[in-house]
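The values are calculated or read from the model by the stated rules, or taken from the named source; none is laboratory data. Because the structure is a prediction, the values reported are computed rather than measured. Positions of Cβ are generated from backbone atoms using ideal geometry, with glycine treated the same way; all protein chains shown enter the neighbour counts. Side chains are part of the model used for accessible areas, which takes the heavy atoms of the whole protein and leaves out ligands, DNA and RNA. Shrake-Rupley method; radii C 1.70, N 1.55, O 1.52, S 1.80 Å.
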Amino acid sequence: MAPVARRLAAEGYRVVAPELPSRAGAPITDIKKVAAVVTGMIDRLGFPEVVIAHSFAAVVMRVVFVDRGPRLAVMFGPALDWMDAVDTFSERLRLFPWAKRGLVRRLERFDPALTPRMRGLPVDHMPDTDLLLIHAPDDPDALFSRSAELAALRPASILVAEGLGHSRILGDPAILDRVAEFVGARV
């Protein structure tokens with residue numbers, strides 16, 4: 001996210017980029033702990049006008065912004081349905097079907113109220129938020145088809161980032177230009 005933050009700061013925006021507990025290389029955490037960090041940041045700094053999220057952070061947005069969303073949201077390679085993540089990582093780890101079913105049961109017991117909200121596309125989530133989805137069809141970690149589906153079901157723009165995978169998408173100069181244009185035209 002650093003290239004995105006640097007670009008928007010260079011455009012004159014106040015950028016807050018928290019170090020979330022879910023970042024690569026961090027100890028294992030859960031969605032509620034990550035959401036608590038974001039909520040605490042909002043309590044200290046005020047409600048954001050623009051939120052930019054990548055991957056798992058898109059799911060965190062579904063927890064944090066339940067009642068009210070920001071004016072703008074940009075989602076890079078968003079994980080939009082937690083079952084997609086379970087499927088992806090179960091396949092990657094070559095879990096036996098019984099192990100995957102056990103994982104799903106544990107997730108459902110973890111927070112029975114949270115689980116149903118995380119399943120399916122967030123069509124009705126943040127209805128007043130102007131949304132830009134940026135996703136690469138070759139993303140190995142989050143399904144591009146979900147972003148395309150969401151853009152078709154609600155007012156959203158989708159930027160197809162051919163060949164940029166899951167992480168390179170964050171530093172591509174053309175993508176950064178589009179994000180700056182999207183924010184600049186609406187803020």
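Odds and ends about this structure:
- Some residue of the range 143-152 being outside any strand (DSSP E or B), in contact with a His (Cβ under 6 Å, 6 or more places away or on another chain), aromatic (Phe, Trp, Tyr) and open to solvent by less than 70 Å² (accessible area, probe 1.4 Å): yes
- Residue pairs meeting the criteria (Cβ under 9 Å; at least 6 apart or on separate chains; first more than 14 Å from ASP84 (Cβ to Cβ) and open to solvent by 20 Å² or more (accessible area, probe 1.4 Å), in the range 106-131; second at pLDDT 85 or above and of a type in the set (Ser, Thr, Tyr)): ASP130/SER157
- Some residue of the range 134-151 being of a type outside the set (Lys, Arg) and touching a Lys or Arg at 6+ places or on another chain (Cβ under 6 Å): no
- Check on ALA185, in a helix (DSSP H, G or I) and open to solvent by less than 20 Å² (accessible area, probe 1.4 Å): no
- Residues located in the range 132-142, provided they are part of a loop (DSSP other than H, G, I, E, B) and either surrounded by 18 or more Cβ atoms within 10 Å (Cβ to Cβ) or not charged (D, E, K, R) (or both): ALA136, PRO137, ASP139, PRO140, ALA142
- Exactly one residue out of ALA5, ALA35, ALA73 is among the small types (Gly, Ala, Ser) and assigned to a strand (DSSP E or B): that is ALA73.
- Enumeration of residues in the range 79-105 that are charged (D, E, K, R) and in contact (Cβ under 8 Å) with a residue 60 or more places away in the chain: ASP81, ASP84
- Residue in the range 78-105 that is surrounded by the most Cβ atoms within 10 Å (Cβ to Cβ), counting only those that are part of a helix (DSSP H, G or I) and small (Gly, Ala, Ser): ALA85
- Residue in the range 55-77 that is in contact with a Lys or Arg (Cβ under 9 Å, 6 or more places away or on another chain), of a type in the set (A, V, I, L, M, F, W, C), touching a residue at least 60 places away in the same chain (Cβ under 8 Å) and open to solvent by 30 Å² or more (accessible area, probe 1.4 Å) present: no
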